[in-house]
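Since the structure comes first, as structure tokens, the remarks are kept for the end.
The values are calculated or read from the model by the stated rules, or taken from the named source; none is laboratory data. In this text the structure is predicted, and so the values were computed from the model without any measurement. When we count neighbours, we look across all protein chains shown, and the Cβ atoms used for this are built from the backbone with ideal geometry, even at glycine. In case anyone asks, the SASA skips ligands and DNA or RNA and just uses the protein heavy atoms, side chains included. Shrake-Rupley method; radii C 1.70, N 1.55, O 1.52, S 1.80 Å.
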Amino acid sequence: MGANESGEINVQDAYNWYNKFMKNCPSGQLSLYECKAFLGLQGMNSEAEYYVDQVFNTFDLNKDGFIDFLEFIAGINLIIRGKIDQKLKWYFKLYDADGNGAIEKKELVKIFRSVQSITGYSETTPEEFTEIVFKKIDINHDGELSLEEFVNGVESDGNLFRMISKIFDLSNILKIIQSGKKPTVSESCKNL
């Protein structure tokens, strides 16, 4: 997937994404159900469903229950070309499931478990991962991570950033869209 000098998706790629989007969603409004069909992600277990729902909700910027093409391409651009701080803010929104402005341990455990059910990643348990994250970046030790704690903490800890990026990598979703087929667990885990 190419990008112009500013790091944004180039015109040809945007055109290709638009054609694929409109072919699969002629109304121009992608519902959660259509999104799962578009990505070949129907019939997953409840933990995997939770993750897909969370990703959908973070891309649905205006919270109308649909992803239009602009929201879709903004999400694709973020995944492919987003700067570190942009991606970290997006991860924060993804992890903060209840939208209260803080990531609680139970939210991080749940989203990690959801990702595991999709990717098969098993090097770390959800509880171990959560303890690592909170031990490293919960500065005030209140059991919650604010946006500032999360972004500053992950940016300042290269190992933690690599771990989060590896585990929550959305490039596999793009591979699904581009290829039109869901990767096997071994294909999903190649990048881990």
Wholly within the stretch 1-118, strands (runs of 3 or more DSSP E) carrying at least 1 residues that are in contact with an Asp or Glu (Cβ under 8 Å, 6 or more places away or on another chain), among the polar types (S, T, N, Q) and surrounded by 14 or more Cβ atoms within 10 Å (Cβ to Cβ):
29-31
Check on Phe56, at pLDDT 90 or above and over 12 Å from the mean Cα position of the chain (by Cα):
no
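Here are some residues: Ile103, Ile76. Which one is under 18 Å from the mean Cα position of the chain (by Cα), under 27 Å from Gly158 (Cα atoms) and modelled with pLDDT under 85?
Unique residue meeting the criteria: Ile76.
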So the check is Cβ under 7 Å with 6+ separation or different chains; which pairs have a first residue in the stretch 118-136 that's of a type outside the set (Gly, Ala, Ser) and a second one that's open to solvent by 50 Å² or more (accessible area, probe 1.4 Å)?
Pro126/Arg113; Thr130/Lys105; Phe134/Lys105
Which residue pairs have Cβ atoms under 9 Å apart, sit 6 or more places apart or on different chains, and have a first residue in the stretch 146-167 that is touching a residue at least 12 places away in the same chain (Cβ under 8 Å) and outside any strand (DSSP E or B) and a second that is among the polar types (S, T, N, Q) and surrounded by fewer than 17 Cβ atoms within 10 Å (Cβ to Cβ)?
Glu149/Asn140; Met163/Thr124; Lys166/Asn191; Ile167/Thr124
